[in-house]
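K.L.:
This structure is in structure tokens; I'll ask about it shortly.
The values are calculated or read from the model by the stated rules, or taken from the named source; none is laboratory data. Just so you know, these numbers come straight off a predicted model, no measurement behind them. All Cβ positions, glycine included, derive from the backbone under ideal geometry; neighbour counts span all protein chains shown.
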Amino acid sequence: MSHRDFAMQLDWLQANFDVVSLEEAQRRVRSMHNDRPTVAITFDDGYAENSQTAIPELVRRNLPATYFVATDFMRTGNAFPHDRQRGVELQPNTIDDLRHYAALGIELGAHTKSHSNCGTISDIELLRDEIMGSAHQLEQWCQVPIRYFSFPYGMPVNTSQLAVDIVREAGFAGFCTAYTAWNWPCSDGFHLRRIHADPGLQSLKNRLTLDPRKLHDDQKLPFEETLEPSGSHT
Ligand SMILES: [Zn+2]
């Protein structure tokens, strides 16, 4: 995404939403009531190029964001596995970059050590090491609390109950997936579903705009169901 496109997306988000931290988003979900369209911005993996455009633009606008990193790649400087597979070797952040972001007020979050597919790991000790190890590494490097975790790849098949149990036991405040879904103020907010910020502003608008025509009869909004008095169905 170009700097110009990113700035246009932020313009639109700021004009139409409250842009808040993950903590505030969770508070609104858990309050069971929210009449403000709300967005939290997150990043995954830890790409060096974010230092040039995204992070300065967020800081200039004083917008909160959470930055999830797979820590092995900051340590080694190697490209991420999903990029190597595509033959595109983009530079990861350095540890100093992360310290700088933390000092700027960007919240850091854990994203496993080796960007592993948690849905395929059944070895509990390995899974613990991937999830908790990345948080410990970040805490050591940057001396900040690591409160959130995001699943690499982020689709249902990339998660597991075992992994979620480890995230909960480890004391994280919550976790993010990439299920391409909204978060309604009717859940415990521990699982926050995310939407990809596509390069195109129209696509982002489409995904973040609620159009009742998109909803089938069996996909009623959760709040509609809770607002309907019982026995009113005919
Ligand atoms: Zn990732």
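K.L.:
Tell me, yes or no, whether segment 21-37 has at least one residue that is surrounded by fewer than 20 Cβ atoms within 10 Å (Cβ to Cβ), touching a Gly at 6+ places or on another chain (Cβ under 9 Å) and β-branched (V, I, T).
P.N.:
no
K.L.:
Pairs needed: first member in segment 2-22, within 13 Å of L201 (Cα to Cα); second member anywhere, in a loop (DSSP other than H, G, I, E, B) and charged (D, E, K, R); C-beta distance under 7 Å; at least 6 residues apart or different chains.
P.N.:
Note: pairs meeting the criteria are L10/R61.
K.L.:
Does D44 qualify as being touching a Pro at 6+ places or on another chain (Cβ under 8 Å) and within 16 Å of the ligand (Cβ to nearest atom)?
P.N.:
Values: touching a Pro at 6+ places or on another chain (Cβ under 8 Å): yes; within 16 Å of the ligand (Cβ to nearest atom): yes.
Yes.
K.L.:
Restricting the search to segment 156-195, which residues are within 22 Å of D35 (Cα to Cα) and within 15 Å of the chain's Cα centre (by Cα)?
P.N.:
Just the residues of segment 156-195 that are within 22 Å of D35 (Cα to Cα), to begin with: 180-195.
Correct list: T180, A181, W182, N183, G189, F190, H191, L192, R193, R194, I195.
K.L.:
So, one more: Out of S150, S134, S116, I need the residue that is at pLDDT 95 or above and touching a helix residue (DSSP H, G or I) at 6+ places or on another chain (Cβ under 6 Å). Which one? Break it down stepwise before answering.
P.N.:
Values: S150 fails: touching a helix residue (DSSP H, G or I) at 6+ places or on another chain (Cβ under 6 Å); S134 fails: touching a helix residue (DSSP H, G or I) at 6+ places or on another chain (Cβ under 6 Å).
After applying the criteria, what remains is S116.
K.L.:
Can you find a residue in segment 210-233 that is modelled with pLDDT under 90, surrounded by 10 or more Cβ atoms within 10 Å (Cβ to Cβ) and of a type in the set (K, R)?
P.N.:
yes
K.L.:
Take the residues of segment 47-59 that are in a helix (DSSP H, G or I) and of a type outside the set (D, E): which is nearest to the ligand (Cβ to nearest atom)? Even if it seems obvious, please write down each step before you answer.
P.N.:
Going residue by residue through segment 47-59, those that are in a helix (DSSP H, G or I) are 48-51, 54-59.
In the following step, the residues that additionally are of a type outside the set (D, E) were identified as 48, 50-51, 54-56, 58-59.
On the way: A48: 15, N50: 13, S51: 18, A54: 15, I55: 17, P56: 22, L58: 19, V59: 22 Å.
That would be N50.
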